[in-house]
1. Name the residue, out of E142, E112, E74, E150, that is part of a helix (DSSP H, G or I) and touching a residue at least 60 places away in the same chain (Cβ under 8 Å).
2. Evaluate the following for K85: is it at pLDDT 95 or above and open to solvent by 40 Å² or more (accessible area, probe 1.4 Å)?
3. When both residues are 6+ apart or on different chains and their Cβ atoms are under 7 Å apart, which pairs have a first residue that lies in the range 118-129 and is without any contact (Cβ under 8 Å) to a residue 60 or more places away in the chain, and a second that is open to solvent by less than 60 Å² (accessible area, probe 1.4 Å) and not polar (S, T, N, Q)?
4. Would you mind stating whether F18 is open to solvent by 50 Å² or more (accessible area, probe 1.4 Å), of a type outside the set (A, V, I, L, M) and modelled with pLDDT under 95?
5. Look through L58, L45 and report the one residue that is within 30 Å of I182 (Cβ to Cβ), open to solvent by less than 70 Å² (accessible area, probe 1.4 Å) and among the aliphatic types (A, V, I, L, M).
Amino acid sequence: MKLKALSLALLALPIASFAEEPVPNYPADVTFTVEAEKDVELDLLQVSLFYQAEGNNLSALNKTMAEKMNKAIELTKAQSAVEIKENSRNTWIRYNKGKQQGWIARAELTLESKDSQALSTLVNELDGILAIAQVNASVSREKLSSLENELTKEALAKFKDKALLLQESLQMKGYTIQNLEISSPKDSTDDYP
């Protein structure tokens with residue numbers, strides 16, 4: 001995964017340095033963009049699990065759902081490196097030709113961890129209790145915040161170098177920043193096949 005910090009800048013380079021006589025304050029505008037990017041390891045794993053059952057007896061169905069979820073939560077709480085991000089349960093009526101034919105219940109549990117081994121072990125323990133709905137990998141907020149600071153410094157250093165290059169190449173005496181935009185890092189994995 002690549003994250004980018006994008007710095008957009010609008011510079012005003014005074015054209016007075018070209019002329020022998022001072023020119024009224026009409027600077028030439030030069031706009032350019034610089035980017036800083038870095039390959040980043042995904043350090044946060046999230047697994048969504050579920051259990052779904054159907055039955056005619058709502059009480060029995062609720063009992064089964066509670067047993068499954070209580071067991072799953074008990075196993076999860078025993079694994080300190082794994083956090084429960086979401087725990088939900090829904091029940092709805094099953095219809096057949098407009099008539100009530102029983103109940104459908106679904107419970108979902110979303111687990112998250114930076115320790116992929118601990119999460120994998122837990123998911124293996126939950127096999128037979130819950131089924132996997134989805135697995136996602138991403139960058140944690142802490143790592144993203146650290147990367148944002150690092151990439152911002154890098155983008156600003158590139159900005160300064162480019163501004164000085166333009167100043168020297170155009171034989172200007174200086175420049176003034178009129179507008180500077182810095183965007184937050186973004187996932188650019190879509191740039192690759």
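1. Only one candidate qualifies: E150.
2. On the way: at pLDDT 95 or above: yes; open to solvent by 40 Å² or more (accessible area, probe 1.4 Å): yes.
Here the answer is yes, as K85 does meet what is asked.
3. Sorted first by the residue in the range 118-129, then by its partner, the pairs are A118/A81; A118/V82; L122/L75; L122/V82; L122/L111; E125/L75.
4. The answer is yes for F18.
5. Checking each option against the conditions leaves just L45.
The values are calculated or read from the model by the stated rules, or taken from the named source; none is laboratory data. Since this is a predicted model, take the numbers as computed values, not measurements. Virtual Cβ from ideal backbone geometry, glycine too; neighbours counted across all protein chains shown. Keep in mind that these areas ignore ligands, DNA and RNA; they rest on the heavy atoms of the full protein, side chains included. Shrake-Rupley method; radii C 1.70, N 1.55, O 1.52, S 1.80 Å.
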